[in-house]
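Reviewing the structure listed below.
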Amino acid sequence: MESNVPAAAVVPEFDSPASISVVVNKDRPLDAGYVPPDLIDAGGVLLRAEAGHAYLRMSAGAAEASAAITAVSGFRPANMQADLHSSYTDSYGGPAAEALSARPGHSEHQTGLAVDIANPDGACSLQSCFDGTPAGSWAAGNGHRYGFVVRYPAGAEAITGYSYEPWHLRYVGEEMARQMFDAGITLEEFADLPAAPGY
Ligand SMILES: [Zn+2]
């Protein structure tokens, strides 16, 4: 017998690091020592279990569509992010580095819910032209079916605080990913949070 009581709507939780919809940006750091409790190996990188299983399904779907993807970066602890950020600062100078890499504690990679992907042949790896490659084009159009969104879209730098990164996918779950994809909005907009600061 059908119930007339609607299923409880899933209300996304944006503040808790344990939530798959947590928002981490230039305004919203994680504790430096935070490590997700349920990391698994997903295609050679570490992701939280739910995101990792979704990544493996997405990777299989991409391969079936002749757009194979590989994972090049998943979970990164804050100390590794500190090294990365200072190497960007050394190479590009402060302002450019801030648009290209997060300060320690502010990287989504520390959540275990973000994965950087590439083509197996490395075409346009970590470059904006990745969106024109098989892996980049497929992921932009299909990632949401597996719960992933392009976290730093083109033209959204003033909102996200970061340059366009077509290779950086963020797991938010299928329902929320579909809503974000259909609306064409960033995580900050979905969560009704202020735009990231422009430091
Ligand atoms: Zn990334």
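The values are calculated or read from the model by the stated rules, or taken from the named source; none is laboratory data. Values in this document were obtained by computation on a predicted structure and should not be read as measured data. Glycine gets a Cβ as well: all are built from the backbone with ideal geometry, and neighbour counts include every protein chain shown. Heads up: the accessible areas ignore ligands, DNA and RNA and are worked out on the full protein's heavy atoms, side chains in. Shrake-Rupley method; radii C 1.70, N 1.55, O 1.52, S 1.80 Å.
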Report summary line: The alpha-carbon center of region 122-199 and that of region 83-110 are separated, in whole Å, by 19
Query raised in the report: With the contact rule set at Cα under 8 Å and sequence spacing of 6 or more, what percent relative contact order holds for region 95-199?
Result: 27
Query - Cα centre as origin, Lys/Arg/Asp/Glu Cβ charges: the chain dipole, Debye - result: 200
Query raised in the report: Quick one: in region 93-199, what % of C-alpha pairs are over 15 Å apart?
Result: 63
Report task. Could you look at the chain and say what percent of its accessible area is carbon and sulfur, using a 1.4 Å probe and all protein chains? Result -> 55
Report task. As a check on your grasp of the helix formula, calculate [θ] at 222 nm for the chain: sum -39500 (n - 2.57) over DSSP H runs of n ≥ 4, divide by the residue count, round to the nearest 500. Result -> -9500 deg cm²/dmol
**Report entry** Alpha-carbon gyration tensor eigenvalues x 5, square-rooted, for region 69-147, Å
**Finding:** 24, 16, 10
Query raised in the report: For the chain, what is the relative contact order in percent, using Cα pairs closer than 8 Å and at least 6 residues apart in sequence?
Result: 21
Report summary line: Taking Cα atoms only, Rg over Rh for the chain with Rh from the Kirkwood formula is 0.97
Query - Residues of region 8-154: accessible area per residue with a 1.4 Å probe, Å² - result: 44
Query - Check: region 1-115 dipole with +1 on Lys, Arg Cβ and -1 on Asp, Glu Cβ, in debye - result: 160
Report summary line: Residue by residue through region 121-138, the couplings from Karplus 6.51 cos²θ - 1.76 cosθ + 1.60 with θ = phi - 60°, in Hz, x for Gly and Pro, are 8, x, 4, 6, 4, 6, 10, 5, 5, 4, 5, x, 8, x, 5, x, 5, 5
Query raised in the report: Under a plain spin-label model, where a point goes 7 Å from the Cα along Cα-to-Cβ, how far apart in nm are C129 and A154?
Result: 1.4
Requested in this report: Sketch the reach of a paramagnetic label on A63 as a point 7 Å from Cα along Cα-to-Cβ, and name the residues of region 94-126 whose backbone nitrogen lies under 14 Å away.
Outcome: 120
Query raised in the report: Dipole of the chain (Lys/Arg Cβ +1, Asp/Glu Cβ -1, origin at the Cα centre): which of C129, Y146, M176 lies farthest to the positive side?
Result: C129
